[in-house]
Amino acid sequence: MRALRLIPLLLLLSGLLPMAGGAALAGWTAWDLSRLAPAEARVLSLVRQPASRAGQVLYTPVLGFTTAEGRAVRLEPAVATTHPPRVGEMVPIRYDPAAPERIRTLGFLETWLVPVILVASGLPFVLIGWFLGRLFRRLSERGFTA
């Protein structure tokens, strides 16, 4: 029975590690966003990228915005998509006042996808480990031995 008691513990640890990593990444992302200044960037043009392995055409938007100090910034983020925003569309961003070329777009996927995946991938392991731990404890209390 002692060897069986390790299974829930291993499952709990296997789930808690990615969940802790996801929580830490979410905290770092929130901290990073809090120190960046908000702005609205206009999509100035779209740069067509080479087709992906799946044969899809990718586009990278060229963005332009003005900092709070009045400096005009034009940049091409390192993001390519099959569904780009339209030219002229305004996109919410955050930029580093010390280095306005460093921006973060505020789309949910770009911002929160990895932390959510990490937390969600660990949750089933934690739940199964918790359930098995309770089950093994009850069986042990009733005198079951393996």
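The values are calculated or read from the model by the stated rules, or taken from the named source; none is laboratory data. Predicted, not measured: the structure shown is a model, and the values here were computed from it. Here the Cβ positions follow ideal geometry from the backbone for every residue, glycine too, while neighbour counts run over all protein chains shown.
Can you say whether L113 is under 24 Å from A24 (Cα atoms) and free of Cβ contacts under 8 Å to residues at least 12 places away in the same chain, as far as the supplied structure shows? Yes: the conditions hold for L113. For the range 43-93, the tally of residues that are under 23 Å from F108 (Cβ atoms) and either in contact with an Asp or Glu (Cβ under 8 Å, 6 or more places away or on another chain) or touching a residue at least 60 places away in the same chain (Cβ under 8 Å) (or both) stands at 12. For the range 107-121, check the following and say yes or no: at least one residue is of a type outside the set (S, T, N, Q) and touching a strand residue (DSSP E or B) at 6+ places or on another chain (Cβ under 6 Å). Within the range 107-121 (the criterion being of a type outside the set (S, T, N, Q) and touching a strand residue (DSSP E or B) at 6+ places or on another chain (Cβ under 6 Å)), the answer is no, since none of the residues qualifies. Contact map, the range 125-145: first residue in the same structural domain as P8 (by TED's automatic domain parsing), second residue modelled with pLDDT under 95 and assigned to a loop (DSSP other than H, G, I, E, B), Cβ cut-off under 7 Å, separation 6 or more or different chains; pairs are S140/M1; T145/M1.
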